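Contents: one structure, followed by commentary.
The values are calculated or read from the model by the stated rules, or taken from the named source; none is laboratory data. Note that this is a predicted model, so its numbers are computed, not measured. Using ideal geometry, Cβ is built from the backbone for each residue, glycine included, and neighbour counts are taken over all protein chains shown.
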Amino acid sequence: MRIEIWSDIVCPWCYIGRARLQKALDAFEHRDEVQLVYKAFELDPSAPTDRTELTRDVLGRRYGGGEAQIRAMFSQVEQAGAQDGLDLRLEETHSGNTRHAHRLVKLAAQSARAGAMLEHLYKAYFTDGRNVFTTEDLVELATEVGLDAAEARQTLESGAFEAEIQGDIRDAQRIGARGVPFFVVDGRFGISGAQPADVFSQALQQAWDSRPKLQTVGATTAQTGAADAAACGPDGCEIPHQPQR
């Protein structure tokens, strides 16, 4: 079963939603048969690539209100994260362009480390107050999850995975995902936002239980008019009956 996850690196609810999904997966009987696919989404694609700015200043301009209001908003999100075991320190965060960070996640996916890369970026940004925007900082973060430094640098400097990132963004628009996190379970069930873990658990079970059943062609004469054909099994291979001449 496949779960597609649209998220952005600087989205605290994406970090929280990932933790809640993981809690549901840990309790899911068929978790070893679930594949997570990470999709890029940019909350602010127009953010400058050559500088960063304190997030509280960006939010102040975007939503209005004073410093006290922004601090109260940060506090609410931090408390929500703490309930899921996350140490969020939003006062220390800066905003910037996340396109390069998404390139690293795409690179990591080639060696089945996309989840580890994304998790490391989240922790670096939200807990450790590290920069996740410049090439030098991103290369360092990439090596910390086992990626090759030269390959990471080449990926960032060449603008690799641009088509894949643009495709993810178009897919989000196609399915109506205007915000993140957004999850699609088995291509049939959409989950918007950082829902509680039990919502993810219900969606996982419903998707698993409602998967189409395999219809075997030629299984019985009554259904298809065709007899079972010869096959191999644990006890060996059948020898087809040869008609006598």
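Listed values, structure above:
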quantity	calculated
Test: residue in the range 15-37 that is touching a residue at least 60 places away in the same chain (Cβ under 8 Å), surrounded by 15 or more Cβ atoms within 10 Å (Cβ to Cβ) and among the β-branched types (V, I, T)	yes
Test: residue in the range 115-127 that is under 27 Å from Q22 (Cα atoms), of a type outside the set (A, V, I, L, M) and in a loop (DSSP other than H, G, I, E, B)	yes
Number of the exception - V105 against (1) under 13 Å from the mean Cα position of the chain (by Cα); (2) over 24 Å from E140 (Cα atoms)	(2)
Residues that are on the phi > 0 side of the Ramachandran plot and surrounded by 15 or more Cβ atoms within 10 Å (Cβ to Cβ), drawn from the range 144-169	F161
Matching residues in the range 135-172 - criterion: being under 30 Å from L54 (Cβ atoms), without any contact (Cβ under 8 Å) to a residue 12 or more places away in the chain and not charged (D, E, K, R)	T143, A149, Q166
First in the range 75-92 and over 20 Å from N131 (Cβ atoms), second anywhere and small (G, A, S), Cβ under 6 Å, 6 or more apart	D84/A19
Residue that is modelled with the lowest pLDDT [pool: residues in the range 52-84 that are among the charged types (D, E, K, R), loosely packed, with under 12 Cβ neighbours inside 10 Å and under 20 Å from T98 (Cβ atoms)]	R62
Flag for A172 being surrounded by 15 or more Cβ atoms within 10 Å (Cβ to Cβ), of a type outside the set (F, W, Y) and either touching a Cys at 6+ places or on another chain (Cβ under 7 Å) or in a loop (DSSP other than H, G, I, E, B) (or both)	no
Count of residues meeting criterion [exposed (fewer than 13 other Cβ atoms within 10 Å of the Cβ) and either closer than 24 Å to D84 by Cα or of a type in the set (A, V, I, L, M) (or both)] in the range 197-219	4
Residue check for D57: closer than 28 Å to R170 by Cβ and over 26 Å from the mean Cα position of the chain (by Cα)	no
